[in-house]
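Enquirer: Below is a structure I'd like to ask you about.
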Amino acid sequence: SAIALCCNNVQHSMSKHIEIRHHFIREQVERGMVELYFVTTDYQLADIFTKALPRQRFEFILPRLVMKSISPTTLKHLQEEEGE
């Protein structure tokens, strides 16, 4: 349902409580900066950040994380673009 909320610009009674400031992801989807996909439980890489995992599960997820280092200059540029 998070994907539906981000991709569907219609307000439903169940989502009226979500304030405008929380629509950052929806805006990024509309701008084409982010694409959202359904991911099965087996491939929920975010689990590594949100819960204690058995060693086997942790070792499965860890190499699948693709991390990028962003320089302070690049980060500042991205923040300035967001402010425009």
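Enquirer: If each of Gln28 and Gln56 carries a label point 7 Å out from its Cα toward its Cβ, how far apart are those two points in nm?
Expert: Spacing of the two 7 Å Cα→Cβ label points: 3.3 nm.
Enquirer: So which trypsin sites (Lys or Arg not before Pro) in segment 33-81 end up in coil per DSSP with only 13 or fewer other C-beta atoms within 10 Å?
Expert: Here the trypsin sites (Lys or Arg not before Pro) that fit, given the DSSP loop and packing criteria, are Lys51, Lys68.
Enquirer: In addition: Arranged by the count of other C-beta atoms within 10 angstrom, fewest first, what order do Phe60, Phe49 take?
Expert: Ordered from fewest to most neighbouring Cβ atoms within 10 Å, Phe60, Phe49 come out as Phe49, Phe60.
Enquirer: Relative to the present Cα-Cα distance, how much length would full extension add between Gln44 and Lys68 at 0.36 nm per residue of separation?
Expert: 6.8 nm
Enquirer: May I ask you to sort Val34, Val29 by Cβ crowding, counting other Cβ atoms within 10 Å and putting the fewest first?
Expert: Val34, Val29
Enquirer: Same structure again: Loop only by DSSP, 12 or fewer other Cβ within 10 Å of the Cβ. Give me the GluC sites (Glu not before Pro) in segment 22-76 that pass, ordered by residue number.
Expert: Here the GluC sites (Glu not before Pro) that fit, given the DSSP loop and packing criteria, are Glu35.
Throughout, read-outs are computed from the coordinates displayed, never taken from laboratory work. Since this is a predicted model, take the numbers as computed values, not measurements. Quick reminder, even Gly has a Cβ in these numbers, built from the backbone with ideal geometry, and neighbours come from all protein chains shown.
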